[in-house]
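The values are calculated or read from the model by the stated rules, or taken from the named source; none is laboratory data. Computed from a predicted structure; not experimentally measured. Here the Cβ is made from the backbone with ideal geometry for all residues, glycine too, and neighbour counts use every protein chain on show.
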Ligand code: NAD
Ligand code: 0WE
């Protein structure tokens, strides 16, 4: 049976009740994990209040701001973990960002700034967090990140995020290779399109969801909780032989050629 009792899990990327990270946090909690939550702070502290209210029922023992563009916040997060937890077992990387302007129109017009920002936040952050987690995962561990088909095949308008996800998927393999001897597994879930804060800001997302509902083998899209179940599996001992993999949780869409 899926059992995460006695495991400490750090979950990044919860913005609201539609976040994929929220679906994951709920399923990790249900399986018995002890949670730490980080959120992206904003100036007015609005995010902090909203996320705090949302996650309160899951009784996280750590709740901290962590903007991955700020080294000091990452250091503070992992310092808090090393002080409060005897070990870290699970790291969920569930964040991405690109300029809205770079998610439409001509990919060849992507600016240097937009390109590096998208890859810094969406790709480099996995390596950065995995590097910080490694010394705390003293009993082995499981790292899970979220990717999308647009990192493997061309999806209109995904543009610079596709390059970021291609880099993210290759980072999973290099990290799995490096961390394997420490019994730390690193995998990605490639989720089908889901309506979230990030995806709702994208023009035409509903049409994409309807397309998936028509052609995916299961004739539907997936939910945050289904992604959460797959993440809980990958973080559990049931997946002890699995590392470096990209697991599609997409109602089968990826297998279709026509
Ligand atoms: P979301 O908006 O709920 O989550 C994105 C998160 O990234 C937010 O919590 C935001 O605060 C965080 N973030 C952005 N910049 C950050 C920074 N500098 N530091 C720390 N956190 C930062 O949207 P989501 O769809 O749940 O996205 C989560 C992950 O799932 C992303 O990696 C996304 O690419 C991936 N994904 C989403 C879909 C989809 O259709 N929604 C499909 C496949 C993969
Ligand atoms: O990875 C994602 C979302 C990525 C994302 C979305 C936004 C919108 C708002 C990253 N940064 C931003 N920045 C913003 O300002 N997905 C997989 C969802 C998604 O995004 C798309 C998609 C799909 C699906 C963009 C274009 C085409 C399809």
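So which pairs qualify, if the first residue must be in segment 109-122 and assigned to a helix (DSSP H, G or I), the second must be modelled with pLDDT of 95 or more and surrounded by fewer than 18 Cβ atoms within 10 Å (Cβ to Cβ), the Cβ gap must be under 6 Å, and the two must be at least 6 apart or on different chains?
Within 6 Å, the pairs are 114/99; 121/97.
Do you know which residues across segment 244-258 are assigned to a loop (DSSP other than H, G, I, E, B) and either within 11 Å of ligand 1 (Cβ to nearest atom) or touching a strand residue (DSSP E or B) at 6+ places or on another chain (Cβ under 9 Å) (or both)? Before the answer, list the steps.
Filtering segment 244-258 for residues assigned to a loop (DSSP other than H, G, I, E, B) gives 244-245, 250-252, 256-258.
Passing the criteria: 244, 245, 250.
Tally up the residues in segment 130-151 that are free of Cβ contacts under 8 Å to residues at least 60 places away in the same chain and within 12 Å of ligand 2 (Cβ to nearest atom), please.
First pass over segment 130-151, keeping only residues free of Cβ contacts under 8 Å to residues at least 60 places away in the same chain: 130-132, 134-141, 143, 145, 148, 150-151.
Narrowing the set further to residues that are within 12 Å of ligand 2 (Cβ to nearest atom) leaves 145, 148, 150-151.
Looking only at that region, the number is 4.
What tally of residues in segment 196-214 results from selecting those that are in contact with a helix residue (DSSP H, G or I) (Cβ under 7 Å, 6 or more places away or on another chain) and surrounded by 13 or more Cβ atoms within 10 Å (Cβ to Cβ)?
So in segment 196-214, the residues in contact with a helix residue (DSSP H, G or I) (Cβ under 7 Å, 6 or more places away or on another chain) come out as 196, 199, 201-202, 205, 212.
Filter once more, so that each one left must be surrounded by 13 or more Cβ atoms within 10 Å (Cβ to Cβ): 196, 199, 202, 205, 212.
Within segment 196-214, residues that are in contact with a helix residue (DSSP H, G or I) (Cβ under 7 Å, 6 or more places away or on another chain) and surrounded by 13 or more Cβ atoms within 10 Å (Cβ to Cβ) number 5.
Picking from 191, 198, 164, 176, which residue would you name as being within 30 Å of residue 112 (Cα to Cα), away from ligand 1 (no atom under 16 Å from the Cβ) and under 17 Å from the mean Cα position of the chain (by Cα)?
Values: 191 fails: away from ligand 1 (no atom under 16 Å from the Cβ); 198 fails: away from ligand 1 (no atom under 16 Å from the Cβ); 164 fails: away from ligand 1 (no atom under 16 Å from the Cβ).
Going through 191, 198, 164, 176 in turn, the sole match is 176.
Where residues in segment 182-191 are without any contact (Cβ under 8 Å) to a residue 60 or more places away in the chain and either part of a loop (DSSP other than H, G, I, E, B) or closer than 15 Å to residue 148 by Cβ (or both), which of them is farthest from ligand 2 (Cβ to nearest atom)? Explain how you work it out, then say what you get.
Pass one, segment 182-191, residues without any contact (Cβ under 8 Å) to a residue 60 or more places away in the chain: 182-186, 188.
Now narrow it down to the ones that are either part of a loop (DSSP other than H, G, I, E, B) or closer than 15 Å to residue 148 by Cβ (or both): 183, 188.
On the way: 183: 30, 188: 12 Å.
Among residues in segment 182-191 that are without any contact (Cβ under 8 Å) to a residue 60 or more places away in the chain and either part of a loop (DSSP other than H, G, I, E, B) or closer than 15 Å to residue 148 by Cβ (or both), the one farthest from ligand 2 (Cβ to nearest atom) is 183.
Can you name the residue in segment 100-126 that is surrounded by fewer than 17 Cβ atoms within 10 Å (Cβ to Cβ) and within 21 Å of the chain's Cα centre (by Cα) and is also nearest to ligand 1 (Cβ to nearest atom) among such residues?
Taking the candidates together, the pick is 120.
Away from ligand 1 (no atom under 12 Å from the Cβ), more than 30 Å from residue 33 (Cβ to Cβ) and in contact with a helix residue (DSSP H, G or I) (Cβ under 8 Å, 6 or more places away or on another chain), is that true of residue 89? I'd like the intermediate steps shown before the answer.
Working: away from ligand 1 (no atom under 12 Å from the Cβ): yes; more than 30 Å from residue 33 (Cβ to Cβ): no; in contact with a helix residue (DSSP H, G or I) (Cβ under 8 Å, 6 or more places away or on another chain): yes.
Answer is no for this residue.
Need pairs with beta-carbon distance below 9 Å; first residue under 17 Å from residue 149 (Cβ atoms) and free of Cβ contacts under 8 Å to residues at least 24 places away in the same chain and within segment 192-204, second within 6 Å of ligand 2 (Cβ to nearest atom) and part of a loop (DSSP other than H, G, I, E, B); sequence gap 6+ or separate chains.
Qualifying pairs under 9 Å: 199/193.
Identify the residue in segment 1-41 that is within 16 Å of ligand 2 (Cβ to nearest atom) and assigned to a loop (DSSP other than H, G, I, E, B) and, among all such residues, is farthest from residue 85 (Cα to Cα). Give the derivation first.
Step one: of segment 1-41, the residues within 16 Å of ligand 2 (Cβ to nearest atom) are 12-16, 18-24, 40.
From the residues that got through so far, the ones that are assigned to a loop (DSSP other than H, G, I, E, B) too are 12-16, 18-19, 40.
Working: 12: 17, 13: 21, 14: 21, 15: 24, 16: 26, 18: 28, 19: 26, 40: 22 Å.
Among them, the one singled out is 18.
When residues of segment 33-58 are filtered for being surrounded by fewer than 17 Cβ atoms within 10 Å (Cβ to Cβ) and within 22 Å of residue 8 (Cβ to Cβ), how many remain? Steps first, please.
If we filter segment 33-58 for residues that are surrounded by fewer than 17 Cβ atoms within 10 Å (Cβ to Cβ), which is where we start, we get 42-46, 48-50, 52-53, 56-57.
So of that shortlist, the ones also within 22 Å of residue 8 (Cβ to Cβ) come out as 48, 52, 56-57.
Counting residues in segment 33-58 that are surrounded by fewer than 17 Cβ atoms within 10 Å (Cβ to Cβ) and within 22 Å of residue 8 (Cβ to Cβ) gives 4.
Can you name every residue in segment 73-108 that is farther than 30 Å from residue 180 by Cβ and free of Cβ contacts under 8 Å to residues at least 12 places away in the same chain?
Step one: filter segment 73-108 for residues farther than 30 Å from residue 180 by Cβ, giving 98-108.
Those that are farther than 30 Å from residue 180 by Cβ and free of Cβ contacts under 8 Å to residues at least 12 places away in the same chain: 106, 108.
For residues that are in a helix (DSSP H, G or I), over 21 Å from residue 27 (Cα atoms) and in contact (Cβ under 8 Å) with a residue 24 or more places away in the chain, tally how many sit in segment 209-243.
The first filter runs over segment 209-243 and keeps only residues in a helix (DSSP H, G or I), leaving 209-215, 224-235, 237-239.
Filter once more, keeping what is over 21 Å from residue 27 (Cα atoms): 209-215.
Narrowing the set further to residues that are in contact (Cβ under 8 Å) with a residue 24 or more places away in the chain leaves 212, 215.
Residues meeting the conditions: 2.
Hey, among 95, 88, which residue is in contact with a strand residue (DSSP E or B) (Cβ under 6 Å, 6 or more places away or on another chain) and either part of a helix (DSSP H, G or I) or closer than 22 Å to residue 185 by Cα (or both)?
Details: 95 fails: in contact with a strand residue (DSSP E or B) (Cβ under 6 Å, 6 or more places away or on another chain).
It is 88.
What residue, among those in segment 85-99 that are within 16 Å of ligand 2 (Cβ to nearest atom) and closer than 14 Å to residue 235 by Cβ, is nearest to the chain's Cα centre (by Cα)?
Applying the first criterion (within 16 Å of ligand 2 (Cβ to nearest atom)) to segment 85-99 yields 92-99.
Pick out the ones that are also closer than 14 Å to residue 235 by Cβ and you get 92-94.
Numbers: 92: 6, 93: 4, 94: 2 Å.
Filtering segment 85-99 for residues that are within 16 Å of ligand 2 (Cβ to nearest atom) and closer than 14 Å to residue 235 by Cβ, the one nearest to the chain's Cα centre (by Cα) comes out as 94.
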